[in-house]
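To keep things clear, I will list the structure first and then write my remarks on it.
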Amino acid sequence: MQSRPRFEGPSDLHLHSSASDGTEPPAEVMAAAHRAGLRTVALTDHDTTQGWAEAADAATSLGMTFIPGMELSARHQWRSIHLLAYLIDPDDVELRALTDRIRASRLDRARLMADRIGEDYDLGWDDILEQTSDGATVGRPHIADALVARGVVRDRTEAFAGILSPQGDYYVALYAPDPVTAVTLLSRAGGVPIIAHPAGRAGLLPDPLLSDMLAAGLAGFELGHRENRAGATRSLRRVADERDLIVTGSSDYHGLGKPNQPGENTTSDAMVARILAAGTGSAPVYP
Ligand code: AMP
Ligand code: ZN
Ligand code: FE
Ligand code: FE
C-alpha cells in the first residue's frame, strides 16, 4: 500500500499574488515563501482562484506542499469581514456566481472611486488599469499604486490612511455577502472557512453573529496575524479551545504592497493536518 504523502512545516497559509492585490505573480510569491524557509503554503487571493495553477507548479517544483485557498469578502453592517477558505471546489457553481458578483462590483466600485478621486487629483481609470494584472480582482491597493505612480502619495500605507480611507469622501463600498451566507457557500463547496485577522482594529465580531457563523460551518480563526490585538486574540483563543476550533497563523504577504513578510506567523502541523482532513472541494498538491 502506498503511504499518504505528508506535508512538512513551517506553514504559511495566507499569501496574496497579482491575481488580486499582491504585487508579485503567483510563482514569485512562492519563490519568496521558499526563500523564507517555508515548506507548506496556501495562495489566498481575494475572491479568485485564478493564481492556483501557477502557484501550485512553482511551489511543488521548489519542494513545498501547496494548499489551494481564497480570501472571500463578506460584510456585516459597516464592517468588512474576510474569510480564508481552504480546499474549496473552484468550479462550485454557487460559489463562482458569488465571487463573479463580488469581482464585478469591485470593478464598478473602483471606477466610481477613480471618478471621485479624479475630480480632485490627476488620476484616471487608465492609471488604475495600468496597475492591475489581466483578470485580477481589483481593489483599493491598485488605486493606491496608481496614486503612487502619479506622485500623489508615497506608498499604499499613505493612500489608505488618507484618500482611500472608508471615512473619506472618495470611498465607495463594494458588494459583499453577509458572513453567514459566505460561510455556508464555502462549506458547501467543500472548503474550510476560517476568519482572517479576526481580532483587528474593528474589534471582536458580535457574539450572535459568531454563533451563527459557527453553526453554518465556520472552522476557526486566524489568531496569528500582525493586525490582531492581544486582548481580543486571547478571548478568541478561549472560544477556540472551548469549541475545539482550528487556529492558524499566517503572514498575509502582499509582495511590496505591505510590510508583512512570508513566515512572520505560521500554522502548527497539527492544525494544517486538521485543515487537510476537513477540506473536500479540492486537493493539496505535494512536491
Ligand atoms: P479593498 O478590498 O479594495 O477594500 O481593499 C482592502 C485591501 O487593501 C486589503 O486586502 C488589505 O490587504 C489592503 N490594505 C488595507 N490597508 C492597507 C494599508 N494600510 N496598506 C496596504 N494595503 C492595505
Ligand atoms: Zn489584500
Ligand atoms: Fe484580509
Ligand atoms: Fe489577506
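Can you list the helices (runs of 4 or more DSSP H) lying wholly within the stretch 107-210 that have 2 or more residues being of a type in the set (S, T, N, Q)?
Result: 179-188.
Please go through the stretch 155-201 and give me each residue that is surrounded by fewer than 15 Cβ atoms within 10 Å (Cβ to Cβ), farther than 25 Å from Thr49 by Cα and of a type in the set (A, V, I, L, M, F, W, C), ordered by number.
Passing the criteria: only Ala161.
With within 25 Å of Glu8 (Cβ to Cβ), modelled with pLDDT of 95 or more and not hydroxyl-bearing (Ser, Thr, Tyr) as the only criterion, which of Ala55, Ala104 stands out?
Matching residue, one of Ala55, Ala104: Ala55.
Sort out which residues of the stretch 13-55 are more than 12 Å from ligand 4 (Cβ to nearest atom), of a type in the set (Gly, Ala, Ser) and crowded, with 24+ Cβ neighbours inside 10 Å, and write them in order of number.
Ser18, Ala19, Ala33, Gly51, Ala55 - these are the residues of the stretch 13-55 that are more than 12 Å from ligand 4 (Cβ to nearest atom), of a type in the set (Gly, Ala, Ser) and crowded, with 24+ Cβ neighbours inside 10 Å.
Return the residues of the stretch 190-229 that are small (Gly, Ala, Ser), under 17 Å from Ser73 (Cα atoms) and out of contact with any strand residue (DSSP E or B) (no Cβ under 8 Å at 6 or more places or on another chain); say none if nothing qualifies.
If the condition is that a residue be small (Gly, Ala, Ser), under 17 Å from Ser73 (Cα atoms) and out of contact with any strand residue (DSSP E or B) (no Cβ under 8 Å at 6 or more places or on another chain), then Gly200, Ala216 are the ones that fit.
Between residues in the stretch 197-217 that are at positive phi and away from ligand 3 (no atom under 16 Å from the Cβ) and residues that are in a helix (DSSP H, G or I) and polar (S, T, N, Q), which pairs lie under 6 Å by C-beta distance while being six or more apart or on different chains?
Gly217/Ser187
Select from the stretch 244-255 the residues that are within 13 Å of ligand 2 (Cβ to nearest atom) and outside any loop (DSSP other than H, G, I, E, B) and write down the one among them that is nearest to Ala33 (Cα to Cα).
Looking at the filtered set, the residue picked out is Tyr253.
Looking only at the stretch 249-259, decide whether some residue is touching a residue at least 24 places away in the same chain (Cβ under 8 Å), aliphatic (A, V, I, L, M) and surrounded by fewer than 18 Cβ atoms within 10 Å (Cβ to Cβ).
yes
If His46 passes every condition in (1) under 24 Å from Ala202 (Cα atoms); (2) away from ligand 2 (no atom under 16 Å from the Cβ) but one, which one does it miss?
(2)
The values are calculated or read from the model by the stated rules, or taken from the named source; none is laboratory data. The structure presented is a predicted model; accordingly, all values stated were derived computationally and were not measured. Counting neighbours? That spans all protein chains shown, and the Cβs are built from the backbone with ideal geometry, glycine included.
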